[in-house]
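The values are calculated or read from the model by the stated rules, or taken from the named source; none is laboratory data. What you see is a predicted model, and the numbers here were worked out from it, not measured in a lab. So basically every Cβ, Gly included, is an ideal-geometry build from the backbone, and we count neighbours across all protein chains shown.
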2 protein chains.
Amino acid sequence: MRTPLCDRFGIEHPIFAFTPSEHVAAAVSRAGGLGVLGCVRFNDTDELERTLSWLDDNTDGKPYGVDIVMPMKVPTEGSSLDLGAMIPEEHRRFVDETLLKLGVPPLPEGEGREGVLGWLHSVARSHLDIALAHRPVLIANALGSPPVDVIEKCHEHGVAVAALAGAAKHATSHVANGVDIIVAQGYEAGGHTGEIASMVLTPDIVDAVGPDVPVLGAGGIGSGRQVAASLALGAQGVWTGSIWLGTEEYRSLSSSAGWETAFLRATSSDTVRSRVYTGKPARLLKTRWTEAWAQEGAPAPLPMPLQNLLVSDAHNRINASGDPDVVAMPVGQIVGRMNQVRPVAEVMAELVAGFDEAVAGLEKVRG
Amino acid sequence: MRTPLCDRFGIEHPIFAFTPSEHVAAAVSRAGGLGVLGCVRFNDTDELERTLSWLDDNTDGKPYGVDIVMPMKVPTEGSSLDLGAMIPEEHRRFVDETLLKLGVPPLPEGEGREGVLGWLHSVARSHLDIALAHRPVLIANALGSPPVDVIEKCHEHGVAVAALAGAAKHATSHVANGVDIIVAQGYEAGGHTGEIASMVLTPDIVDAVGPDVPVLGAGGIGSGRQVAASLALGAQGVWTGSIWLGTEEYRSLSSSAGWETAFLRATSSDTVRSRVYTGKPARLLKTRWTEAWAQEGAPAPLPMPLQNLLVSDAHNRINASGDPDVVAMPVGQIVGRMNQVRPVAEVMAELVAGFDEAVAGLEKVRG
């Protein structure tokens, strides 16, 4: 499986793997894809520094990427303390009461921690500076185009920039800003996503940005058949995420057995697109936690970054509880096919072999 | 483009075209696909009889199919008069006030007509009886599996039965009832549709029903690339609908220039999944009419078949008005690519040539 992206990045397969786990990212890169480390979870810049050094040392010299979360428009922001003051009491009370109702115990004394700060612009900028001191070949931004000066800085370092888009008009605007690669994020994808499904979105974006801008198909891709479908639609590669949550290497990151149980039993119908995780619409596993927010009388989620600050502590309590019924986790509709935990290399091998098999099938149909 | 479905039905390409227009259906069948005539619009069984005779005479002896709308469970029902009494006054008032607000004039004296009765079980059964006296090769049911006795009757006539499914568990239940072919109707499709996108749904259903039950991919298919993607996902053919609304042959059916203008300018973002058309979730063009129902204070749509009876007269008024801003019409997300009105034969030729080109591209990627 070779497209021009393989030569551009020195990879064997045009399979890009977003993951918050450096172990998954390294294993993907070693297996011939491009592991892309999600930075949003790193409140501590020293920890990110150590993690990227680990990646440098554990990818057999193969390339990797880094994913940041940065809105195009620089928001007014303050410390997590200032922002905390902007969260209405009604919302805090709803979270507390819901956790009580769902039987999620408080954290043991001293185990609380700060909310996830990676959603803050200043923190995302520090992630970028740390990343550029290492050897990423790609900086991806999960919230569309980053600000133009950020794109220019990446280019000065010889690093390509990818940005997610959920509609063709966003993709062309990203390209006008200088973005090199568009991730066409379909409705079925986990995390932040729009309303247009991959089958329609990928060719829309491919045609809108033209042949000189590579497009990665994202959303609904967990098997080689889906890779073939995405490339048939005109993508030059695929952007995958959810599928890596079901790998052995991901276990090192997780502190909870709850979500693994929840993922393994979920069907393709068991996700929901909701604003409860970050304040922007994101696809999550449908659980008693997301259902509580959908009930009549529940408050409307707050805008980004307030919503994530509001629920950060709840997420920590939920993770610690290990209860599969109240998991709070972004995942795409392919969760229905994540039915066993496999090593990364095995998933990669299936993506490649399944692609070849699907193409052979299509050749037979064409005759 | 050949799959086992071609031999089974005596067609050249496994492209199935749902359409309310006999002119489109005949043109698709003549061009080597399978035209499938939607019956729901025929209140007058004599008119259906005449239309099917016309199809018999205008398909150059090539096969065609017929689409009915029949729930699996036979509902209690009455005449349109009895049912009319079940519609709350609040809903009637909302429709009247909304039409006034949107500037949709009443119909000229004497031009009102009955609501669409094809949603009624008894009417759908009479459609079936008339169809079986002609020469359809396929009866498709737009509401999942028809009752078992209906399936058996079709089989006695040597006619295959297809049913729409929006989740794998529905597909396996249809097959258990005797349904021969599953239409995997993805989220992006026009008309009644579930929440799972084609990229995930098609392989889900293909694997659930096994290799002996052919699956047609539906939702988001309007170009050869999308046909290739659907077949890469394991479908043996495609079920198309929206794309035919943008053909010259369809013009014979439409009494309004409004919807054509509306379709031609719409983007992939301009649809909405809503219960306002029939009472069940269906994807429609997003217009001032659908937006009115989504506003705060609007009544919740009624269950099928009441909602369609409620809005039938409004649909007639809207169609007569010719105003593209208030169109009420099911269409899928591919409406964004329906940018010119073409003859059916040209659309078919692109589907086939685009498929070949996409497969050639995939071969190059595989190397």
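Listed values, structure above:
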item	result
Residues of region B:234-290 satisfying the condition of being aliphatic (A, V, I, L, M) and touching a His at 6+ places or on another chain (Cβ under 6 Å)	B:A282
Breaking point among (1) farther than 27 Å from A:M338 by Cα; (2) buried (at least 21 other Cβ atoms within 10 Å of the Cβ), for B:E156	(2)
B:D149, sole failed condition from (1) assigned to a helix (DSSP H, G or I); (2) out of contact with any helix residue (DSSP H, G or I) (no Cβ under 6 Å at 6 or more places or on another chain); (3) at the interface with chain A (Cβ under 9 Å from one of its Cβ atoms)	(3)
Region B:138-166 residues that are in the same structural domain as B:P281 (by TED's automatic domain parsing) and modelled with pLDDT of 95 or more, paired with ones that are surrounded by fewer than 20 Cβ atoms within 10 Å (Cβ to Cβ) and not polar (S, T, N, Q) (beta carbon under 7 Å, 6 or more apart)	none
Members of region A:337-367 that are touching a residue at least 12 places away in the same chain (Cβ under 8 Å), among the hydrophobic types (A, V, I, L, M, F, W, C) and crowded, with 17+ Cβ neighbours inside 10 Å	A:M338, A:V344, A:V347, A:M348, A:L351, A:V352, A:F355, A:A358, A:V359, A:L362
In region B:154-196, the residues that are more than 17 Å from the chain's Cα centre (by Cα) and among the aliphatic types (A, V, I, L, M)	B:V159, B:A160, B:A167, B:A168, B:A171, B:V175, B:A176, B:V179, B:I196
Residues located in region B:280-295, provided they are more than 14 Å from chain A (Cβ to nearest Cβ) and either at positive phi or part of a loop (DSSP other than H, G, I, E, B) (or both)	B:K280, B:T287, B:Q295
In region A:321-336, the residues that are within 14 Å of chain B (Cβ to nearest Cβ) and surrounded by fewer than 21 Cβ atoms within 10 Å (Cβ to Cβ)	none
Conditions (1) modelled with pLDDT of 95 or more; (2) under 30 Å from A:R225 (Cα atoms); number of the one not met by A:A292	(2)
Filter result for A:P299 (modelled with pLDDT of 95 or more and assigned to a loop (DSSP other than H, G, I, E, B))	yes
Residues satisfying the stated conditions in region B:217-237, i.e. surrounded by fewer than 24 Cβ atoms within 10 Å (Cβ to Cβ) and over 17 Å from B:R337 (Cα atoms)	B:G234, B:Q236
Tally of residues being touching a helix residue (DSSP H, G or I) at 6+ places or on another chain (Cβ under 8 Å), more than 7 Å from chain A (Cβ to nearest Cβ) and either buried (at least 23 other Cβ atoms within 10 Å of the Cβ) or not in a helix (DSSP H, G or I) (or both) across region B:202-215	5
Meets criteria (of a type outside the set (A, V, I, L, M), more than 26 Å from B:A162 (Cα to Cα) and buried (at least 23 other Cβ atoms within 10 Å of the Cβ)) for B:W289	yes
Selection within region B:1-45 - out of contact with any Pro (no Cβ under 8 Å at 6 or more places or on another chain), part of a strand (DSSP E or B) and in contact (Cβ under 8 Å) with a residue 60 or more places away in the chain	B:I15, B:F16, B:A17, B:F18, B:T19, B:V36
Among residues of region A:15-66, those that are over 20 Å from A:G241 (Cβ atoms) and small (G, A, S), counted	2
Members of region B:333-346 found to be touching an Asp or Glu at 6+ places or on another chain (Cβ under 6 Å), farther than 16 Å from B:S252 by Cα and not polar (S, T, N, Q), listed by number	none
B:T240 vs. criteria buried (at least 17 other Cβ atoms within 10 Å of the Cβ) and either out of contact with any Pro (no Cβ under 8 Å at 6 or more places or on another chain) or closer than 23 Å to A:K169 by Cα (or both)	yes
Conditions (1) in contact with a Ser or Thr (Cβ under 8 Å, 6 or more places away or on another chain); (2) at pLDDT below 95; number of the one not met by A:M1	(1)
Qualifying positions in region B:181-195 - within 11 Å of chain A (Cβ to nearest Cβ) and either touching a residue at least 60 places away in the same chain (Cβ under 8 Å) or in contact with a Phe, Trp or Tyr (Cβ under 6 Å, 6 or more places away or on another chain) (or both)	B:Y187, B:E188, B:A189, B:T193, B:G194, B:E195
Residues of region B:337-367 satisfying the condition of being in contact with a Leu (Cβ under 8 Å, 6 or more places away or on another chain) and more than 9 Å from every other protein chain (Cβ to nearest Cβ)	B:M338, B:N339, B:Q340, B:V341
Positions within region B:225-241 being within 9 Å of chain A (Cβ to nearest Cβ) and not in a loop (DSSP other than H, G, I, E, B), in sequence order	B:R225, B:Q226, B:V227, B:A228, B:A229, B:S230, B:L231, B:A232
Test: residue in region A:309-320 that is in a helix (DSSP H, G or I), surrounded by fewer than 19 Cβ atoms within 10 Å (Cβ to Cβ) and at pLDDT 95 or above	no
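So that you can scan it fast, the table gives a plain yes or no per residue for (1) under 17 Å from the mean Cα position of the chain (by Cα); (2) within 14 Å of another protein chain (Cβ to nearest Cβ); (3) not in a loop (DSSP other than H, G, I, E, B):
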position: B:I243; (1), (2), (3): yes, yes, yes
position: B:E249; (1), (2), (3): yes, no, yes
position: B:F263; (1), (2), (3): yes, no, yes
position: B:T278; (1), (2), (3): yes, no, no
